[in-house]
1. Within the range 300-316, track down each residue that is crowded, with 23+ Cβ neighbours inside 10 Å and in a helix (DSSP H, G or I).
2. If we scan the range 185-193, do we find a residue that is under 30 Å from V285 (Cβ atoms) and in a helix (DSSP H, G or I)?
3. Can you tell me which of (1) in contact with a Ser or Thr (Cβ under 8 Å, 6 or more places away or on another chain); (2) open to solvent by less than 50 Å² (accessible area, probe 1.4 Å) is the one M229 doesn't meet?
4. Answer yes or no as to whether T406 is of a type outside the set (K, R), under 30 Å from P145 (Cβ atoms) and either surrounded by fewer than 20 Cβ atoms within 10 Å (Cβ to Cβ) or not assigned by the TED database to the domain that holds N278 (or both).
5. Listed residues I296, I292; which is open to solvent by 10 Å² or more (accessible area, probe 1.4 Å), over 21 Å from Y439 (Cα atoms) and not in a helix (DSSP H, G or I)?
6. Please state which one of C123, C103 is part of a helix (DSSP H, G or I) and closer than 25 Å to L382 by Cβ.
7. Need pairs with beta-carbon distance below 6 Å; first residue among the β-branched types (V, I, T) and part of a helix (DSSP H, G or I) and within the range 107-118, second open to solvent by less than 30 Å² (accessible area, probe 1.4 Å) and modelled with pLDDT of 90 or more; sequence gap 6+ or separate chains.
8. Just need a number here: residues in the range 74-101 that are closer than 15 Å to W39 by Cβ and either open to solvent by 40 Å² or more (accessible area, probe 1.4 Å) or not assigned by the TED database to the domain that holds N37 (or both).
Amino acid sequence: MSSIKNLKIPGKKITVWPQWLTALAISLETIVSGLANGWASPYLAQLISAEADVSLKMTDIEASWMASLLSFGRVIGAFIGAFCQEYTGLKTVLLLSGLPLICSWVLSICATSILWLYLSRFCSGLGSGIMWPTMSLYLSEIANPAIRGSLISFNVSIASLGMFLGNVMGPYLSMEMFAYVSLVPNVLFMILFSLIPESPYHYVLHGNIDKAEASLKWFQREADMKAKMQEFQDFVNGANTSILTKFKDFLLPVNLKNILILFGLNLFVQTSSFTTINAYAEIIVINAKVNITPSIVVMALCFSTVVAGFIAIFVVDKFGRKNLLILSSIGVTISYLALGLHFYLLSLNFDPEKLTWLPITSLLSFNLFVSYGLATVPSTLLGEMFPANLKNLASLCIFSTNALLTFVFVKCFQPFVNLTGETIVFWSYGLFVLGAVPYVMYLIPETTGKSLLEIQQSIKNKLYDLSKSKL
């Protein structure tokens, strides 16, 4: 990762601290989304436990709904966010995402029944569903190409920090106090981010050149204004069209191919089941019969995710998107196979105390490798692979299907375990994720270091060369 103050490029120095300051402001909201994800592991374990001293209790089936409602809310949130992006700027939509997240914490504070918690989890998903695709698009538009991947990976990693903090606070704070703490960064985000400019692309798209130049001067202070404004004009050319025209463009081979490629990649991401493992982390550790306090193990696992995520910030713009995805997929596969092996050995009546190192190492390895690529790179690619007129529609398709897949995987995890056992579940996940290696090698384009306009030109040139070779 380059210096937060400036970026050295041969022949000139470019100030990037305004872009990092923007990413830091947005990170207050991503940490809240992470806290919402981190809430599940400690509190689900308490709510289904007969021994835990909590006022509300639930069954395993109710717990599976509680774990998955956040993902269902993300589906609805993705649609709301995409609709709002058509009429307002990305900045306004990001600010809008803070409102349902605030509502979720208020509902958690006031909860007197399981229904209140269901609504709280749904609102958390709603806010996250609005925020995540918008965050990727906004940062991809305001960032210098040399740090674009780092800015987006930074916010994904900050969400992991939120999950870690959620797992640390969960065993020691009541649900009410957890919600009060989580409201603080939520409110700070809405105050601080309101002071950040809108993306210059948005102003160019709507013909407001003066505001576009002012925004560009704030984000990229040494930029060649004339050349940059022309680049923006070229990129957004034709973007302000009717929805019917956008659908027609969306079905063009180059765009349809890209949406299918990213959908396939996200299918592998969801099979890695990062959200599922996080939601059921403490329950998995308990079932693994380790001789260490489960909550401490989960904290260590979440901390490893934070460390790996921040390492990814340093390498995503140096080693390339494809290399990180391949490394991540191989590591996740090995981790799942090892975790499945642990439960297989338990079924053969091996001594759990002698096997304690195996599930902990497997889960630790899983968290590290999934954070290097599968949990971070797809969000970066979404902001890079589509022309300006289709970015909103593409983000809607990818994030809504992504959230729907997450909902299905989280909801079906416990029934799948009940039906086949942990061994088959984890081995199935691992073998499927292994398929991501050839998929990434042959289908995912390398976008590292390219401007948004250069990426589009590269994609079009590749499609032209392919069609020419068939003639």
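The values are calculated or read from the model by the stated rules, or taken from the named source; none is laboratory data. What you see is a predicted model; the values in this text were computed from it and never measured. Methodologically, a virtual Cβ is constructed for each residue, glycine included, from the backbone with ideal geometry; neighbour enumeration extends over all protein chains shown. Quick note on the areas: whole protein, heavy atoms, side chains included, nothing else; ligands and nucleic acids left out. Shrake-Rupley method; radii C 1.70, N 1.55, O 1.52, S 1.80 Å.
1. The answer is L301, C302, T305, A308, G309, A312.
2. Checking the range 185-193: at least one residue is under 30 Å from V285 (Cβ atoms) and in a helix (DSSP H, G or I).
3. Going through (1) in contact with a Ser or Thr (Cβ under 8 Å, 6 or more places away or on another chain); (2) open to solvent by less than 50 Å² (accessible area, probe 1.4 Å) one by one, M229 breaks only (1).
4. On the way: of a type outside the set (K, R): yes; under 30 Å from P145 (Cβ atoms): yes; either surrounded by fewer than 20 Cβ atoms within 10 Å (Cβ to Cβ) or not assigned by the TED database to the domain that holds N278 (or both): no.
For T406, the condition - of a type outside the set (K, R), under 30 Å from P145 (Cβ atoms) and either surrounded by fewer than 20 Cβ atoms within 10 Å (Cβ to Cβ) or not assigned by the TED database to the domain that holds N278 (or both) - is not met.
5. I292
6. None of the other options fit; the residue is C123.
7. Sorted first by the residue in the range 107-118, then by its partner, the pairs are I109/A179.
8. Residues that pass the stated criteria total 0.
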